[in-house]
Amino acid sequence: MLILLFFLLSPAVAVTERCHPDDKAAILKFKNSFSNGPQLLPMWTSDRDCCDIFDCDETTNRIIDFSLTNSNLAGTIPDVIGDLTYLKTLRMHKMPFLVGEIPRGVTRLKYVTFFDISWTNVSGHVPSFLEELKSVMILDLSFNNLSGPIPSSLATLPNMIGLDISRNRLTGSIPESFGHLVSPALQGLSLSHNMLSGEIPTSIGKMKIYQIDVSRNNLSGDASMLFGAMKSTSVIDISRNNFEFDFSRVSFMEETLVTLDISHNKIYGKIPTQILKVFMLQFLNVSYNRLCGEIPSPWKLRYRSEGFDKTSFIHNQCLCGSPLAQCK
Ligand SMILES: *[C@@H]1O[C@H](CO)[C@@H](O)[C@H](O)[C@H]1NC(C)=O
Ligand SMILES: *[C@@H]1O[C@H](CO)[C@@H](O)[C@H](O)[C@H]1NC(C)=O
Ligand SMILES: *[C@@H]1O[C@H](CO)[C@@H](O)[C@H](O)[C@H]1NC(C)=O
Ligand SMILES: *[C@@H]1O[C@H](CO)[C@@H](O)[C@H](O)[C@H]1NC(C)=O
């Protein structure tokens with residue numbers, strides 16, 4: 001007991017430091033690259049074991065999780081971030097004063113599975129060199145100031161489960177390569193709130209995808225390939241675009257569809273009565289289109305016994321029946 005106490009109280013006891021010197025050098029350099037780094041990151045010092053600050057791997061003692069959130073660090077992401085070679089998680093989230101481009105150094109992060117630079121003011125293009133991050137499963141670049149086209153090379157990431165590049169200023173069309181995504185596991189794709197235009201590549205219809213959100217862009221043409229009774233999609237949001245196709249021709253995922261928003265497009269035709277078999281449906285919005293005919297009923301929804309209200313259907317060419325006015 002006394003001995004233990006001695007160890008606890010004595011500052012002179014040399015506990016072997018776990019932090020790898022390369023990681024230590026990298027985080028100090030990272031800190032000092034921001035003008036307000038020393039002030040905002042006072043704990044990151046050379047006499048501190050970096051494995052006390054960050055998650056290190058037990059055997060290699062290398063930092064595996066570098067997460068910074070809600071920080072006012074001002075400046076650009078330094079290339080030295082790539083020296084944290086063993087990272088599995090890189091997260092810089094809610095950093096409004098983070099500016100400039102994503103540095104090429106990140107391509108040295110060969111083990112990174114979760115790559116998240118979101119809610120920052122990072123600008124420039126979505127770099128095509130991100131295709132070198134072969135381990136990436138989640139790539140989140142949402143809520144930044146990125147512009148230019150979506151690099152088609154992103155489709156070659158072999159392990160990607162989720163891609164979110166929503167809420168940027170991206171232009172151009174969805175690359176054809178996205179219909180031939182290499183990863184068999186892609187579950188979520190969000191491209192919403194950008195300025196994308198052109199048509200969705202038809203090959204996207206072959207993708208097994210759980211959630212797709214392309215809302216608030218300027219996409220046009222047909223989006224019916226996203227539908228199909230044999231698919232297992234749960235969320236489809238194509239709202240606020242320029243899509244124009246015959247809704248009568250689509251069939252729905254009866255077992256899995258939960259959210260469907262096609263509002264604010266130029267979609268025409270009828271609402272297929274097969275929609276009544278989609279028992280899990282919780283959100284439906286087909287408003288502001290050119291739909292016609294009778295709204296199917298009665299709904300037999302597991303989670304919404306009351307069906308959907310008027311606002312889900314308003315502003316179409318000639319939709320009728322409950323909850324809108326009776327058909328003539
Ligand atoms: C980007 O910077 C502007 C001010 O220049 C700020 O209003 C905005 O919130 C920042 N964006 C993010 C996502 O932090
Ligand atoms: C967004 O990036 C553009 C350059 O692409 C720049 O002019 C603008 O100031 C940036 N916005 C913010 C809020 O940083
Ligand atoms: C949207 O795309 C259409 C062509 O499909 C084009 O005529 C229109 O100018 C675009 N609108 C915006 C705001 O970019
Ligand atoms: C459907 O979308 C329209 C247009 O954006 C909106 O006014 C309405 O409130 C929405 N209804 C529901 C149920 O989300």
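Might you check whether a residue that is acidic (Asp, Glu) and either within 18 Å of the chain's Cα centre (by Cα) or more than 16 Å from ligand 3 (Cβ to nearest atom) (or both) occurs anywhere in segment 193-209? Full working, then the answer.
To start, the set of residues in segment 193-209 that are acidic (Asp, Glu) comprises 199.
Restricting the remaining residues to those that are either within 18 Å of the chain's Cα centre (by Cα) or more than 16 Å from ligand 3 (Cβ to nearest atom) (or both) gives none.
Within segment 193-209 (the criterion being acidic (Asp, Glu) and either within 18 Å of the chain's Cα centre (by Cα) or more than 16 Å from ligand 3 (Cβ to nearest atom) (or both)), the answer is no, since none of the residues qualifies.
Condition check: at negative phi and modelled with pLDDT under 95. Does Thr59 satisfy that?
Values: at negative phi: yes; modelled with pLDDT under 95: yes.
Judged against the criteria, Thr59 is a match.
Return yes when Arg167 is open to solvent by 10 Å² or more (accessible area, probe 1.4 Å) and within 16 Å of ligand 1 (Cβ to nearest atom) and no when it is not.
Details: open to solvent by 10 Å² or more (accessible area, probe 1.4 Å): yes; within 16 Å of ligand 1 (Cβ to nearest atom): yes.
Judged against the criteria, Arg167 is a match.
With the checklist (1) within 23 Å of Val112 (Cβ to Cβ); (2) open to solvent by 40 Å² or more (accessible area, probe 1.4 Å); (3) in a helix (DSSP H, G or I); (4) not aliphatic (A, V, I, L, M) in hand, flag the one item Thr60 doesn't pass.
Going through the list (1) within 23 Å of Val112 (Cβ to Cβ); (2) open to solvent by 40 Å² or more (accessible area, probe 1.4 Å); (3) in a helix (DSSP H, G or I); (4) not aliphatic (A, V, I, L, M), Thr60 breaks only (3).
I need a count of the residues in segment 170-182 that are open to solvent by 60 Å² or more (accessible area, probe 1.4 Å) and of a type in the set (A, V, I, L, M, F, W, C).
Counting residues in segment 170-182 that are open to solvent by 60 Å² or more (accessible area, probe 1.4 Å) and of a type in the set (A, V, I, L, M, F, W, C) gives 1.
Looking at (1) under 30 Å from the mean Cα position of the chain (by Cα); (2) surrounded by fewer than 16 Cβ atoms within 10 Å (Cβ to Cβ), find the lone condition where Ser305 falls short.
(1) is the only condition that Ser305 fails.
Hey, does segment 182-198 have a residue that's touching a Pro at 6+ places or on another chain (Cβ under 7 Å) and either of a type in the set (A, V, I, L, M, F, W, C) or modelled with pLDDT of 95 or more (or both)? Can you show your working first?
Residues of segment 182-198 touching a Pro at 6+ places or on another chain (Cβ under 7 Å): 182-183.
So of that shortlist, the ones also either of a type in the set (A, V, I, L, M, F, W, C) or modelled with pLDDT of 95 or more (or both) come out as 182.
Yes: one or more hits.
The values are calculated or read from the model by the stated rules, or taken from the named source; none is laboratory data. The model shown is predicted, which means the values in this text are computed figures rather than measured ones. Cβ: placed from backbone, ideal geometry, glycine included. Neighbour counts: every protein chain shown. In case anyone asks, the SASA skips ligands and DNA or RNA and just uses the protein heavy atoms, side chains included. Shrake-Rupley method; radii C 1.70, N 1.55, O 1.52, S 1.80 Å.
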